[in-house]
Amino acid sequence: MMKEELETTNRPDNTAFTQQRLPAWQPMLSAGIVIPGFVLIGLAFIGIGVALFITSQNITVLEKDYTGVETTSDCYKCSNPSDKNCTCKLEFSLSNLFEGPVFFYYGLSNYFQSQRSYGASKDEYQLSGDLDYFKTPISACSPYQYDANQNPIVPCGSLANSMFNDTFKLYQIVNGTKKLVPFDGKGIAWWTDYNIKYRNPSVTPLKNAFNGTVKPSFWSKPAYELDTSDPSNNGFVNQDFLVWMRRAALPDFRKLYRRITEGDYARGLPAGNYSLEIAYSIFHYNMYRYMEMSISQWACVKGCRLKSL
C-alpha cells in the first residue's frame with residue numbers, strides 16, 4: 001500500500017509537456033537538403049570573413065616592447081632588479097594621423113594571472129568594504145595576509161600585491177619642445193566592478209578606515225592614496241586597481257591604461273615624433289612588457305586578446 005501511495009505522489013502531471021506528448025517535427029535529411037544548406041552557411045561565413053578583412057585593413061595598431069632586454073633600449077638600464085625608481089624613454093614616429101579616439105594599453109607576456117591559487121588569493125569581503133575583514137583577512141590571502149609584525153594587509157592577497165604599477169606619460173615633440181598628451185583614465189574599468197562588486201567602507205575620510213592596517217609590500221603607497229588628484233578614485237574603486245583585479249585568461253594579455261580623447265588630440269595623434277616616458281617598476285625575469293595603442297573595434301580582428309575572467 002505504501003509503495004502505491006509513493007508512486008502516486010511522485011507521478012508527474014498528466015499534461016502534454018510533462019508526459020512528452022508535444023507535437024514534434026523530425027525532418028528527413030537528404031542530399032537535396034543538406035548540400036544547399038552547407039552552401040548557404042558557407043556563403044554567409046565568407047561574407048562575414050570579407051567584412052572582418054575589410055575592417056582589419058582600416059585599423060591601426062602600434063605596439064612597442066619596453067622590457068629592456070636589448071642593450072640598445074633605453075629601458076635596459078632598468079633591468080637591474082635592485083633599481084626600484086627607474087625611468088626610461090621610448091621614442092617613436094607617426095607618419096600619418098593616428099585617428100582617434102586612441103586607446104592606450106599596457107601588455108604583459110609570460111604572466112599567468114589565471115593560475116588558480118593566485119586568482120583565489122584575495123578577500124572578497126574586504127574588497128566589498130567590510131571593516132571586520134580589514135582586521136582579520138581570510139586565510140586565502142596567505143602569505144600576504146599579515147606583515148612580519150602581524151599587522152593586517154589591506155588589500156590582502158597575491159593578486160592585489162602584484163598590481164601593475166608602471167606609469168606612462170606621452171609627449172609630442174613639437175619643434176624640439178615636449179607637449180604633454182592628456183590621458184583620460186575615467187571609466188576604464190568595468191561599470192559593475194566599481195559600482196557593485198568592489199566598494200569602499202562608508203568612512204570619512206577614507207584614510208581612517210585603514211587605521212591599524214598596512215599596504216601590500218609591493219605597493220609604494222596605500223590604497224587610499226592611489227590617486228591624489230581625484231579623491232573619488234581611491235581605495236578599492238580606483239580604476240587602475242580594478243583593471244588589474246579582473247584577471248586575464250591567457251599569459252599574453254593587455255589591459256586598458258588610458259584613453260586619448262581630449263584637447264588637441266580628440267581626433268587622434270597627429271603625424272610627428274613622440275616620446276613615451278615610463279616610470280619602470282622592478283624588473284622581472286622571463287616576463288615581457290609592452291605598450292600598445294589602437295582604436296575602438298566593433299569586432300576583435302587585430303591586436304586583440306582573450307577577454308578577462
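Every number in this text was worked out from the coordinates using simple rules, so none of it is lab data. Keep in mind that what you see is a predicted model, and the values were worked out from it rather than measured. Neighbour counts are summed over all protein chains in view; Cβ atoms, including those assigned to glycine, are modelled from backbone coordinates with ideal geometry.
The table below lists the values:
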{"read-out": "Length added when fully stretched, Glu277-Phe38, from 0.36 nm per residue minus Cα-Cα", "value": "80.7 nm"}
{"read-out": "Sorted by Cβ neighbour density within 10 Å, fewest at the top, the residues Arg247, Arg254", "value": "Arg247, Arg254"}
{"read-out": "Nearest 10 degrees, 0 to 90: helix 31-57 Cα axis against the chain principal axis", "value": "10 degrees"}
{"read-out": "Net charge contributed by nearby residues that have their C-beta within less than 14 Å of Gln19 (K/R +1, D/E -1)", "value": "+1"}
{"read-out": "Top of Asn14, Asn110, Asn234 by mean-square fluctuation, Gaussian network on the chain, Cα under 10 Å", "value": "Asn14"}
{"read-out": "Neighbour net charge for Gln113 - beta-carbon separation under 10 angstrom, K R +1, D E -1", "value": "+3"}
{"read-out": "Modelled FRET efficiency - R0 22 Å, Ser128 with Thr228, Cβ distances, 0.05 increments", "value": "0.35"}
{"read-out": "Sites Asp184 and Lys77 - FRET efficiency at Förster radius 35 Å, r taken between beta-carbons, to 0.05", "value": "0.70"}
{"read-out": "Within a Gaussian network of the chain (alpha carbon springs, distance under 10 Å), most fluctuating of Gly49, Gly100, Gly119", "value": "Gly49"}
{"read-out": "Formal net charge of residues neighbouring Tyr198 (Cβ-Cβ distance under 12 Å; K, R +1; D, E -1)", "value": "0"}
{"read-out": "Normalised contact order of the chain, rounded percent, pairs of Cα under 8 Å and 6 or more residues apart", "value": "32 percent"}
